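Encoded as structure tokens, the structure appears first; notes follow it.
Since every read-out is calculated from the coordinates, none of them should be taken as a lab result. Keep in mind the model is a prediction, meaning the values are calculated, not measured.
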Amino acid sequence: MTKLKNEYQIKEFSDEDYPLKNLSDTHIHTSPDIKPRLQTDIEAVLSAKNEKMHSIVLKSHLEPTSGRAIIASEVASFPVFGGVVLNNSVGGLNPAAVKASAEIGGRFVWFPTVSYPTMEMDWVKIEEILHVVAENNMVIGTGHMKPSDIFSLIDMAKTLGIWKIIVNHPLTGVVGATIDEQVEMASYAYLEHCFVACMEMHDNLDPMIIGDSIKEIGAKRCLMATDFGQIHNTLPVNGLKMFINTMFEYDISMNEIKLMCGINPKKLILG
């Protein structure tokens with residue numbers, strides 16, 4: 001089938017419909033950043049507020065977004081959440097960085113992304129990090145980990161009673177989880193499918209593969225997010241509309257959308 005392009009047609013909705021009302025995007029990249037981003041923190045938040053969304057999550061590969069999220073939330077009077085990605089720029093697998101993020105109000109801890117290929121997984125430090133996560137009721141994201149490390153992380157988290165676990169973009173090349181691995185992961189974690197994977201300048205993934213994965217796993221254990229913010233893609237709010245419309249084409253229902261973009265994110269963030 002023809003791959004989606006960034007100019008993919010966005011369905012028109014009347015003002016009262018607000019297709020993103022009460023929904024969340026758990027994966028947005030904003031500026032300031034060393035990479036060009038389409039929107040600042042404030043601009044992204046105001047876009048989400050204008051769509052009457054419930055909340056958004058700001059993510060940076062290089063610096064914590066914990067404090068940035070608080071500022072953006074206060075400026076816009078809108079729920080914004082952040083956290084820390086455990087890449088080399090914050091000391092890698094650094095329990096102190098996680099503790100500082102938690103004390104500021106960070107809700108998310110993402111394991112390594114851009115630093116993962118060159119980082120040794122120190123499971124002693126990871127256990128320390130998970131203790132901080134458990135003490136502060138934080139959400140874990142698996143970042144760019146490969147399935148073998150994801151399973152080890154899930155097993156360790158389970159022993160500490162941590163259930164707020166997100167497997168980030170399992171179908172992308174950086175993760176590469178098979179459907180059998182996704183089924184096993186989803187027995188204890190949520191799978192976060194990101195629409196950026198379907199963009200031509202990224203994985204160019206056939207969106208039908210995401211739809212098939214959601215059907216196989218079940219919407220109760222999935223999230224839909226954009227991972228947008230790059231200057232060559234559209235706005236995150238537009239990306240989420242595109243994602244929703246595309247999943248409709250693959251017989252994913254509105255109730256399932258509300259689970260993956262509404263109920264499940266709220267459960268993780270606020271539960």
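Annotations for the structure displayed:
- Residues whose placed amide H lies under 5 Å from that of MET145, excluding near-sequence neighbours: none
- Out-of-range pairs (alpha-carbon distance over 28 Å; input LYS21/LYS99; LYS99/LYS267; LYS99/LYS215; LYS99/LYS164; LYS52/LYS267): LYS21/LYS99; LYS99/LYS215
- Distance between region 94-125 and region 178-198 - C-alpha centres, whole angstrom: 21 Å
- Straight-line cross-link partners of LYS125 among the aspartates and glutamates, defined as a Cα under 17 Å from its Cα and at least 8 positions apart when in the same chain: GLU135, ASP149, ASP155.
- Answer label for Kirkwood radius over Cα pairs in Å (calculated), chosen among (i) 19.8; (ii) 18.9; (iii) 18.4: (iii)
- Coupling constants for region 179-189 follow from the phi torsions by the Karplus curve (6.51 cos²θ - 1.76 cosθ + 1.60, θ = phi - 60°), and in residue order they are 5, 5, 5, 4, 4, 5, 4, 5, 5, 9, 10 Hz; glycine and proline get x.
- The chain: relative contact order in percent, alpha carbon pairs under 8 Å with at least 6 residues between: 20 percent
- Between CYS222 and LEU191, the built amide H atoms are under 5 Å apart, and every one of these is 5 or more places off in sequence or on another chain.
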